[in-house]
């Protein structure tokens, strides 16, 4: 759906009981992918992933994703700002209920030069997506023994906080709530797996949900002691 000359959205509508996945799907599942090959006058398209939630699956695994209809905003940069952009999108994703099924969509859309009736829906999804902030503003990450780190962030009024960690390929980091400190929400990040002959420091992409609204950043996790 178009939301303007530089904003569009891809909506996945879910039946009751069905889920679809975030860019990190969790224990299993398939993250959505978006291919814009063949688009006209497109310099860049940046998909935005709304904040996920943890979803317990029937096999005991844990998914990261969405239990309700979700809109993925797309920030659009035209090659020539004076000309319209025509998006040609090939989207691949998965929808899981009792079983998981792959899904795909092939869509073409010319973005309007003025407003769109879908602008409010896409703009609301964009406003609710995690806001990028600096590592310093995100919280304090420090070594917490030989197998992980402790992250503490400023406590905020609102819904309960949750932390999602995306390490590089070949790494596995699990997350659990940790005892809070004065005015701060804390989490324990446990290093479960590394590539062969590699050790921290390691960059981690962090997404914190709840509180006053979701935020994200990338930090350098220090060496472990």
Of the residues in segment 169-196, those that are part of a loop (DSSP other than H, G, I, E, B) and loosely packed, with under 13 Cβ neighbours inside 10 Å come to 169, 170, 182, 183, 195, 196
**Request:** Say whether the condition of being touching a helix residue (DSSP H, G or I) at 6+ places or on another chain (Cβ under 6 Å) and modelled with pLDDT of 95 or more is met by at least one residue in segment 65-79.
**Result:** yes
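Look at segment 1-30 and say how many of its residues are touching a residue at least 24 places away in the same chain (Cβ under 8 Å), more than 30 Å from residue 114 (Cβ to Cβ) and assigned to a loop (DSSP other than H, G, I, E, B).
Let us first name the residues in segment 1-30 that are touching a residue at least 24 places away in the same chain (Cβ under 8 Å), namely 1-15, 17-30.
Going one step further and asking which of them are more than 30 Å from residue 114 (Cβ to Cβ), we end up with 14-15, 17-30.
The next check asks that each one be assigned to a loop (DSSP other than H, G, I, E, B); those that pass are 14-15, 17-18, 27-30.
Going through segment 1-30 one residue at a time, the tally reaches 8.
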Of the residues in segment 1-49, those that are under 12 Å from residue 67 (Cβ atoms) and under 16 Å from the mean Cα position of the chain (by Cα) number 5
Among 158, 148, the single one that is crowded, with 18+ Cβ neighbours inside 10 Å, farther than 20 Å from residue 64 by Cα, in contact (Cβ under 8 Å) with a residue 40 or more places away in the chain and not assigned by TED's automatic domain parsing to the domain that holds residue 54 is 148
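Given the structure, is residue 110 within 26 Å of residue 63 (Cα to Cα) and touching a strand residue (DSSP E or B) at 6+ places or on another chain (Cβ under 9 Å)?
Details: within 26 Å of residue 63 (Cα to Cα): no; touching a strand residue (DSSP E or B) at 6+ places or on another chain (Cβ under 9 Å): yes.
Criteria not met by residue 110.
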Scanning segment 197-225 for residues that are out of contact with any helix residue (DSSP H, G or I) (no Cβ under 9 Å at 6 or more places or on another chain) and in a loop (DSSP other than H, G, I, E, B) gives 197, 198, 199, 200, 201, 212, 222, 223, 224, 225
Filtering segment 116-141 down to residues that are in contact (Cβ under 8 Å) with a residue 60 or more places away in the chain, surrounded by 12 or more Cβ atoms within 10 Å (Cβ to Cβ) and not in a helix (DSSP H, G or I) yields 116, 118, 129, 130, 131, 133, 139, 141
* Asked: Do we have residue 44 as touching a residue at least 24 places away in the same chain (Cβ under 8 Å), surrounded by fewer than 18 Cβ atoms within 10 Å (Cβ to Cβ) and closer than 17 Å to residue 129 by Cβ here?
  -> no
Note: among 28, 51, just one is within 20 Å of residue 162 (Cα to Cα), in contact with a helix residue (DSSP H, G or I) (Cβ under 8 Å, 6 or more places away or on another chain) and either crowded, with 18+ Cβ neighbours inside 10 Å or modelled with pLDDT under 95 (or both), namely 51
The condition from (1) under 22 Å from the mean Cα position of the chain (by Cα); (2) surrounded by fewer than 18 Cβ atoms within 10 Å (Cβ to Cβ) that residue 84 misses is numbered (1)
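The values are calculated or read from the model by the stated rules, or taken from the named source; none is laboratory data. Keep in mind the model is a prediction, meaning the values are calculated, not measured. When we count neighbours, we look across all protein chains shown, and the Cβ atoms used for this are built from the backbone with ideal geometry, even at glycine.
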